[in-house]
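The values are calculated or read from the model by the stated rules, or taken from the named source; none is laboratory data. Note that this is a predicted model, so its numbers are computed, not measured. Ideal geometry is used to build each Cβ from the backbone, glycine not excepted, and the neighbour counts take in all protein chains shown.
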Amino acid sequence: MILLIWISYLLADWAASFAVGHISSGQGSSSGSNDKGNSFVGHFFSMDQEKVARSTCKGGAASDENAELLAFWAPFLLLHLGGPDTITAFALEDNALWLRHLFGLLVQVAVTVYIFILTLPKNGLLVPTVLMFVAGIIKYCERTRALFLASLDRFRESMRKQPDPGPNYAKLMEEYSSKKEAGLPTKIEMTPEPGKESKLATLSLEDKETLTEIDVVKYAHKYFKIFRGLIVDLIFSFRERNESRDFFRKRSAEDAFKVIELELNFIYEAFFTKVVVVHTKFGCFVRVVSTCCIVGAYLFFLFMEKDHLKEFDIMVTYTLLVGGMCLDAIAFFMLISSDWTIATVNINSPKSTCFKKIAKRYLQLKSSKWDSEHKVLSTHWLIRRWSESVAKFSLIDYCVRLRRYEFKDFCIMFCIDKGVDYLGGRELVNGLKYVKGEKLPKKLWEFIFNELLAKSREAADDAEATKNICSARGAYAIQNEDWESNVDLVVINKITEDYIENVAYDESLLLWHVATELCYHDLTLTTITTKNDKNDSRKEDDAKTNSECDYQKFSKLLSDYMLYLLVMQGSMMSAVAGIAQIRYRDTCAEAENFFIRRGLKRNGVRQACEEILSVDTEVKPVHVKGDRSKSVLFDACMLAKELEKLKGKKWKIISKVWVEMLSYAASHCRPDTHAQQVSRGGQLISFVWLLMAHFGLGEQFQINEGHARAKLIVGK
């Protein structure tokens, strides 16, 4: 779907021109090249505008009527290049090219004006041409303005507050010195100012257990306006942190999810649509002017004399006009029904009663829905705000299935693989072939929410505790677990030190991913590490509670998702990836060679895990192989065997470690990569990123706004 949208976006500026020109060429060929009444649609769209302008200058090259029609069609190009309201850019980099887009606007307007001037003074379509020209310029300017406002430099500039010079220090000290010299007892005191109330302090819903759909939109818009500065690395006050933290602590996981989902949707619309331009008084005014111009041009053309025009050209003109009006009608409906409109309208006003009822029903239709049977997100794809799925990529599954062909197919597949590698499409092919998607389970989100909520309460206002929590990569979860007396603390310390604290993040992620895969697929792991209590361990496995099964599923899903981010979303994870690609490839190479030597069949993931676990790992791999290879395959095997010693708490600990891995990546990724991902369907990690910010778990809260002023006190 993303690939289709990307191709459509690239082709949008000329696809319509090509289509109309192709139809016209077929129409013109049927009437002969010497036919004076031949259609000029193809003539117009098959050449650039400068050539069309020159053709209208040549005597006898085109009739006056056809020249007028060409001039009338020219503004439709501007209208088309203005694009729809729902997409102005496909990537953040497109916004940075707003200046080039402005130059294109000036060139297109100049050429269109030139074509129009050549038809004067006998242009019978003067009025509709001028009207469409105004509408086209407005549309094109809207898009250029939207790109400019969404560029990161401009966005950062718009978020900066007005300069605050503070009290007049020089004047105060002059008065202080003069009073002291006069022998008057003088001192300076700091007097606190009244606290500044939030602009949306009138909202009185924070103590409700459940938010209505309108409440969700209101609060999402409120916190979007506060926390959008995260994207450009701005910092926030502790007052803003406390307000957000108190609100989200009172919310259920489901309500918090809905608010964050709307926030990310607002981020998408701010960076990739015209919403910021249109949702202003001036934007609404020019939009009305544009629509009136299109309707006026249609009415003028409808009632004018058209006997001198060819029927096909008339139909094309009507199609262009009606298409323009339909697109404006759709844009108007989307404008009045958008989340931005609902967020800014005073719903509680008596005049808004009807609008409130309509908005409530509409939002209920659009809101995220959890499947009642499987408890996963199941919103209809036409109205959902993000992909609602979690991508999965398994290293062992990939290595087992990788390039294992029968001899008769080897030559063909070898050539295809080499061609893909030569064209740089390996990552794309691997993504299509090996990456799977799974709907986000409600229980998983609740688990993540509760883990971060607990850490938010533990941190409170302690900056050092907050820093430790944000930098935790699994050790915090292990050390804060309530361990039973029969669990060997040596094992716990070994897992913490050897596989979390003393290794880089990317290495730790790969270690825990492979170890999770081994534990998940192998049912006989306990026989390898704890042979003496085989029967007891088997009984424990058979008597797993539902919560343990949930922890197991959470661990597997988060493990596959984090590897997907590390391998397939390199730009997003670049801040924490280190030499992840080298470690990943070395691990894949060792796993592939190992599976070939063992003669494993394709899709035999469980057998592959059992074969890996059957290897004696008494000696660390680095002592046997050296450190030239960065593979972590058998180090992960050692970790899996250590994890089994945690007995009944194995999956609980693994799942909590993965939540910390996820939250660490979310808080350390470059913020603009989260904004980039919302245009590609969205990612679970972006939800975690915003949730952590709302809980006050981050280093972006550094301003202690103590509103106070100095006051000069003179004694008697």
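So the values come out like this:
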item	result
Count of region 565-614 residues which are more than 28 Å from the chain's Cα centre (by Cα), of a type outside the set (S, T, Y) and in a helix (DSSP H, G or I)	21
Residue tally, condition over 21 Å from D339 (Cα atoms) and not hydrophobic (A, V, I, L, M, F, W, C), over region 365-380	5
S372 hydroxyl-bearing (S, T, Y) and either assigned to a loop (DSSP other than H, G, I, E, B) or assigned by TED's automatic domain parsing to the domain that holds A71 (or both)	yes
Helices (runs of 4 or more DSSP H) within region 626-699 that include 1 or more residues more than 20 Å from L264 (Cα to Cα)	633-644, 650-668
Candidate set: region 387-424, residues that are modelled with pLDDT of 75 or more and part of a loop (DSSP other than H, G, I, E, B); chosen: the one surrounded by the fewest Cβ atoms within 10 Å (Cβ to Cβ)	L423
In region 79-98, the residues that are outside any helix (DSSP H, G or I) and either in contact with a helix residue (DSSP H, G or I) (Cβ under 6 Å, 6 or more places away or on another chain) or not small (G, A, S) (or both)	G82, G83, P84, D85, T86, I87, T88, A89, F90, L97
Residues of region 570-588 classified as free of Cβ contacts under 8 Å to residues at least 24 places away in the same chain and under 17 Å from H668 (Cα atoms), total	1
Count of region 378-397 residues which are over 30 Å from F594 (Cβ atoms), of a type in the set (A, V, I, L, M, F, W, C) and touching a strand residue (DSSP E or B) at 6+ places or on another chain (Cβ under 7 Å)	0
When residues of region 117-141 are limited to those that are assigned to a helix (DSSP H, G or I) and in contact with a Ser or Thr (Cβ under 6 Å, 6 or more places away or on another chain), the one nearest to G296 (Cα to Cα)	A135
Residues that are polar (S, T, N, Q) and in a helix (DSSP H, G or I), drawn from region 342-369	T344, S352, T353, Q364
The lone exception for N468 - which of (1) at pLDDT below 85; (2) of a type outside the set (G, A, S); (3) within 25 Å of H694 (Cα to Cα); (4) in a helix (DSSP H, G or I) it fails	(1)
Any chance F90 is among the aromatic types (F, W, Y) and at pLDDT 90 or above	no
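Quick grid of which residues meet (1) under 26 Å from the mean Cα position of the chain (by Cα); (2) assigned by TED's automatic domain parsing to the domain that holds V109; (3) among the polar types (S, T, N, Q); (4) more than 30 Å from M304 (Cβ to Cβ):
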site: V127; (1), (2), (3), (4): no, yes, no, no
site: E142; (1), (2), (3), (4): yes, yes, no, no
site: R156; (1), (2), (3), (4): yes, no, no, yes
site: R160; (1), (2), (3), (4): yes, no, no, yes
site: P165; (1), (2), (3), (4): no, no, no, yes
